[in-house]
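Q: Just passing along the structure, written as structure tokens.
Please treat every number below as a calculation from the coordinates, not as lab data. Everything numeric here is computed off the predicted structure, so don't read it as measured data. Positions of Cβ are generated from backbone atoms using ideal geometry, with glycine treated the same way; all protein chains shown enter the neighbour counts.
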Amino acid sequence: MSKSVAGFSKLSKSKKIDWIVDTYFSNTEDAKGVLKQYWNDNETLQQLHDEFIENTITNYYLPLGVAPNFLINDRLYAIPMAIEESSVVAAASKAAKFWLERGGFKTTVISTTKIGQVHFIYKGDFEKLKHFFSIVKTKLVEQTDHITNNMKKRGGGIIDIELRDKTSDIPNYYQLHASFETLDAMGANFINSCLEQFAKTFKNEALLFDLFSEDDKQIEIVMSILSNYVPDCLVRAEVSCKVENLSENESISGEAFAKKFIQAVNIAEIEPYRAVTHNKGIMNGIDAVVLATGNDFRAVEAGVHAYASRNGRYSSLTHAKVENGIFTFWMEIPLALGTVGGLTGLHPLVKLGLELLHKPTAKELMQIVAVAGLAQNFAALRSLTTTGIQQGHMKMHLMNILNQFEASNIEKQTLTEHFKNNPVTHSSVTEAINTLRIKSEK
Ligand code: MEV
């Protein structure tokens, strides 16, 4: 049975590894070898990565790919994507090229407001609390000056604070519901620092408020934290073209393609089982760029899926229509992103990714990320409603299967050629590699 450990975080990296491999692995040297082969020879770079989190024992690689030819508001981008799923970058590149020839993507940032809340318990009369809030509100803002000064100079800061009565859901439960403009920062630290200061001021001022009874004065702060639900930090991405221009070859007309495509979107609009997978495809594109640009993909995921359920039923994030012979495909999506702060100035690959994207502002990055999501969904629906997804997916997965068989470069070349004209399945690849190896033994 495994044992627990005390003071693990205080051990040196090599002592941590010793403990891990001794406790959990039968072949300790093999396990150590796997961990150490991912260490970087550049000690400064390795230390940087070690210090991102606690208890780092090695680095975890993901491929960083690039999807070129994205025309967004008439400017060309090559988009960096960090992702393990084999077909995602290929699909993005294909969709980029398709829309490059049809006018590209159009995007607009609709809003950039972020939210944070102080959750608290107050047992007195609501009218008195409202009165107290109206008096203390200015002080709440003033006492965050040391946190907000720089942000205010650049045009951001606290937008508003509201008092919200939530007692119909939980007895005595109220909120300070605050809105923020955090400009090019994702803003989590800024918002959380402001909220914690609001909470302090609110609690202290309540103790001095004459109209409160001694019991009223005991406001209990439950917690102060930003919300990753950002329905007012919204970006729109869109593509459109004449229906007849949707056709790429003789196999399907523009009209037939548009009809099938819109049917697929409509299904995702009304059917949650399909909507989740449909939106997962969108997130393939979004997460990959969010990760490559050092942003918080868990925050983005949580906010996006909450937004997809905002009308009470989980639904598609994208929409499509044909009007007056024009096919339009679009998405509005909440994205809280930063291009300063966090990892953006620290991780060398993140800095490189942002430079590749012409050093975007947070608003520009919102637009690029939304486009990556829309493109991914376009590529997925196009495959699903025409050839089926497996053809392209398995083609891209071929290399993974060959690597499972530890195929040599020559075997890879021969089999890649073979599978240009043959369907890729796990068993067809198994058969082909076995046949090839038997032949070469003879
Ligand atoms: C696979 O990662 C994503 C898809 O399932 C998305 C979709 O079904 O729309 C292909």
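Q: Past 23 Å, Cα to Cα: identify those pairs from Lys36/Lys351; Lys123/Lys203; Lys16/Lys36; Lys3/Lys32; Lys15/Lys36, in the order given.
A: Details: Lys36/Lys351 25 Å; Lys123/Lys203 14 Å; Lys16/Lys36 13 Å; Lys3/Lys32 19 Å; Lys15/Lys36 13 Å.
Exceeds cut-off: Lys36/Lys351.
Q: What dipole magnitude, in Debye to the nearest 20, does the range 8-50 give about its Cα centre under +1 on Lys/Arg Cβ and -1 on Asp/Glu Cβ? Working shown, then result.
A: Details: 6 positive and 7 negative charges, 40 e Å.
It works out to roughly 200 debye.
Q: Right, here's the next one. Nearest 0.05, what FRET efficiency do Lys3 and Glu406 give at R0 = 56 Å with Cβ-Cβ as r?
A: On the way: r = 36 Å, r/R0 = 0.64.
The value I calculate is 0.95.
Q: Can I ask one more? For the range 114-226, what are Rg and Dmax over the alpha carbons, in angstrom?
A: Cα radius of gyration and Dmax of the range 114-226 are 14.0, 44 Å respectively.
Q: Under 11 Å from the Cβ of Lys10, count the other residues' Cβ atoms, weight Lys and Arg +1, Asp and Glu -1, and hand me the total. Display every interim value, and only then the final one.
A: On the way: positive: Lys15, Lys16; negative: Glu54.
Spelling it out: positives minus negatives among the neighbours equals +1.
Q: Of Thr344, Ala31, Asn421, whose Cα points farthest to the positive end of the dipole of the chain (charges on the beta-carbon: +1 Lys, Arg; -1 Asp, Glu; origin at the Cα centre)?
A: Asn421
Q: In addition: Quick one: Ser408, Ser12, fewest Cβ neighbours within 10 Å first, how do they rank? List each step's numbers first, then the result.
A: Working: Ser408 12, Ser12 8.
By the 10 Å Cβ count, ascending, the order reads Ser12, Ser408.
Q: Now a separate question. Between Phe405, Phe297, Phe105, where does the largest GNM mean-square fluctuation fall for the chain, given springs only between Cα atoms within less than 10 Å?
A: In the Gaussian network model the winner is Phe405.
Q: Still on this structure, I have one more. Just to confirm my numbers, what's the Cα centroid distance between the range 118-154 and the range 382-419 in Å?
A: Between the Cα centres of the range 118-154 and the range 382-419 lies a distance of 59 Å.
Q: For the chain, what is the relative contact order in percent, using Cα pairs closer than 8 Å and at least 6 residues apart in sequence?
A: Values: 692 pairs, mean separation 74.9, N = 442.
Relative contact order here is 17 percent.
Q: Straight-line reach from Lys242: which aspartates and glutamates fall under 18 Å, measuring Cα to Cα and dropping same-chain residues less than 8 apart?
A: Glu101, Glu250, Glu255, Glu323
Q: Can you tell me the Rg and Dmax of the chain, counting just the alpha carbons, in angstroms?
A: 26.8, 97
Q: Something else: May I ask you to order 36-46, 430-440, 338-348, 274-284 by the average number of other C-beta atoms within 10 Å around their residues, highest value first?
A: Values: 36-46: 11.4, 430-440: 13.2, 338-348: 17.5, 274-284: 20.5.
Ranking the peptides 36-46, 430-440, 338-348, 274-284 by packing returns 274-284, 338-348, 430-440, 36-46.
Q: Oh, and also: Give, as ranges by residue number, the residues of the range 54-70 whose backbone N falls under 11 Å from the point 7 Å along Cα→Cβ of Lys36.
A: Flagged as within label range: none.
Q: Report the residues of the range 1-37 in range of a label on Gln47: point 7 Å along Cα→C-beta, backbone N strictly under 16 Å from it.
A: Those under the cut-off are 12-14.
Q: Explain nothing, just compute: Karplus ³J(HN,Hα) = 6.51 cos²θ - 1.76 cosθ + 1.60, θ = phi - 60°, for every residue of the range 26-33 in order, whole Hz, x for Gly and Pro.
A: Here the 3J(HN,Hα) series is 7, 9, 5, 5, 4, 4, 4, x Hz.
Q: Could you check which residue among Phe133, Phe190, Phe25 shows the biggest mean-square fluctuation in a GNM of the chain with a 10 Å Cα cutoff?
A: Comparing Phe133, Phe190, Phe25 in a Gaussian network model of the chain, the most mobile one is Phe25.
Q: Would you mind putting 120-128, 360-368 in packing order, based on average other-beta-carbon counts within 10 Å, highest first? Each step should come with its number before you reach the end.
A: Numbers: 120-128: 15.6, 360-368: 21.9.
Per-residue Cβ counts within 10 Å, averaged per peptide and sorted highest first, yield 360-368, 120-128.
Q: To the nearest 500 deg cm²/dmol, what mean residue ellipticity at 222 nm is calculated for the chain from DSSP H runs of n ≥ 4 alone, each contributing -39,500 (n - 2.57), summed and divided by the residues? If you can, show how the numbers build up before the last one.
A: On the way: 15 runs with 214 residues, N = 442.
It lands at -15500 deg cm²/dmol.
Q: Using R₀ = 35 Å, calculate the FRET efficiency as 1/(1 + (r/R₀)^6) where r is the Cβ-Cβ separation of Asp165 and Glu54; round to 0.05.
A: Working: r = 40 Å, r/R0 = 1.14.
The computed FRET efficiency comes out at 0.30.
Q: Here's a follow-up. Between Arg154 and Ser12, how many nm apart are label points set 7 Å from Cα along the C-beta direction?
A: The two pseudo-label positions are separated by 4.0 nm.
Q: Evaluate the relative contact order of the range 248-330 (contact order divided by residue number), counting alpha-carbon pairs under 8 angstrom at least 6 apart; express in whole percent.
A: Details: 64 pairs, mean separation 28.2, N = 83.
Result for the range 248-330 is 34 percent.
Q: Putting +1 on Lys and Arg Cβ atoms and -1 on Asp and Glu Cβ atoms, find which of Phe105, Thr58, Ala370 reaches farthest to the positive end of the dipole of the chain.
A: Value: Phe105.
Q: Gain in length, Ser111 to Asp215, computed as 0.36 nm per residue apart minus the alpha-carbon separation, to one decimal in nm? Before the final figure, lay out the partial values.
A: Details: separation 104, 0.36 × 104 = 37.44 nm, distance 4.12 nm.
Difference between extended and current length: 33.3 nm.
Q: Can you tell me which of 420-427, 108-115, 235-242 comes out highest on packing, and rank the rest after it, using the mean Cβ neighbours within 10 Å? Working shown, then result.
A: Details: 420-427: 10.9, 108-115: 17.8, 235-242: 19.8.
Result, highest mean first: 235-242, 108-115, 420-427.
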